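Okay, structure first, notes after.
The values are calculated or read from the model by the stated rules, or taken from the named source; none is laboratory data. Please read these numbers as outputs of a predicted model, since none were measured by experiment. Glycine gets a Cβ as well: all are built from the backbone with ideal geometry, and neighbour counts include every protein chain shown.
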Amino acid sequence: MDADSTRSQLTAALVRVAGGDRAALRLVYQDTSAKLFGVCLRILNDRSEAEDVLQEVYVTVWRKAGSFDPGRASPITWMVAIARNRSIDRLRAGGGRRMEPIESAEDVRDSAPAALDLVEAGQEHVRLATCLGELEERHSTAIRSAFLDGATYEELAARMRVPLGTMKSWIRRGLLKLRACLEQ
């Protein structure tokens, strides 16, 4: 859709919003929320505050859509002005936070693991579970208890009623088989 038809569609939707048409407000929101959220976030530099202000922006659009004059400004320009003014008002009311230039957003890292890392970890988990399942049950149980539950060799030997040397041998043999399986 080109800029003129987008502008016409938004103008028509704002006229319908002025008449109380909720579906038209939903359309306006869908077409403009990303841009207006970006304006709020840029000014406030706080996601939660920007979300709150964005909600206020659409309440204002709902209440004041009748005052929109397409001869004076495009619909998006009118709404950006509302978003900007609401954001500045919130900023002033909050004691004034320091704004960072938009270019600094490149330096902000998401602390969550990357999707590829999550997929690889899931695949490794499946491989490990499969290989542990191929071991003798007593070896698998001993390895799981020692390395996943944190039990000591002495605790495992007492729990499974075997000499300490036997427990160490089971775990050693199990780890060798596990390693060979995982290297395949």
TODO: Kindly list, by first and then second residue, each pair from a residue in region 164-176 that is free of Cβ contacts under 8 Å to residues at least 12 places away in the same chain to a residue that is not β-branched (Val, Ile, Thr), limited to pairs with Cβ atoms under 6 Å and residues at least 6 apart or on different chains.
DONE: Leu164/Ala157
Task: Spans of helices (runs of 4 or more DSSP H) in region 33-151 with at least 3 residues at pLDDT below 85 and over 30 Å from Arg16 (Cβ atoms) - done: 115-134
Task: Search result, residues across region 152-180 that are under 40 Å from the mean Cα position of the chain (by Cα) and over 20 Å from Cys131 (Cβ atoms) - done: Thr152
Open item on the list: I need the full set of residues from region 1-20 which are exposed (fewer than 15 other Cβ atoms within 10 Å of the Cβ) and either in contact with a Gly (Cβ under 7 Å, 6 or more places away or on another chain) or not in a helix (DSSP H, G or I) (or both), in order please.
Closed with: Met1, Asp2, Gly19, Gly20
TODO: May I ask you to list pairs of residues, at least six apart or on different chains, whose Cβ atoms are under 9 Å apart, with the first in region 34-58 being at positive phi and the second being outside any helix (DSSP H, G or I) and charged (D, E, K, R)?
DONE: Asn45/Arg97; Asn45/Arg98; Asn45/Glu100
Open item on the list: If I filter region 30-46 for residues that are assigned by TED's automatic domain parsing to the domain that holds Ala65, buried (at least 18 other Cβ atoms within 10 Å of the Cβ) and over 18 Å from Ala83 (Cα atoms), do I get at least one hit?
Closed with: no
Task: Candidates Ala121, Ala112, Ala129 - the one that is free of Cβ contacts under 8 Å to residues at least 40 places away in the same chain and under 30 Å from Asn45 (Cβ atoms) - done: Ala112
TODO: Search region 3-29 for residues that are assigned by TED's automatic domain parsing to the domain that holds Ala73 and pair each with any residue that is assigned to a helix (DSSP H, G or I) and surrounded by fewer than 14 Cβ atoms within 10 Å (Cβ to Cβ) when their beta-carbon atoms are under 7 Å apart and the residues are at least 6 apart or on different chains.
DONE: Ala18/Gly66
- [ ] Identify all residues within region 136-146 that are under 18 Å from Cys181 (Cβ atoms) and surrounded by 12 or more Cβ atoms within 10 Å (Cβ to Cβ); write none if there are none.
- [x] Glu136, Arg138, His139, Ser140, Thr141, Ala142, Ile143, Arg144, Ala146
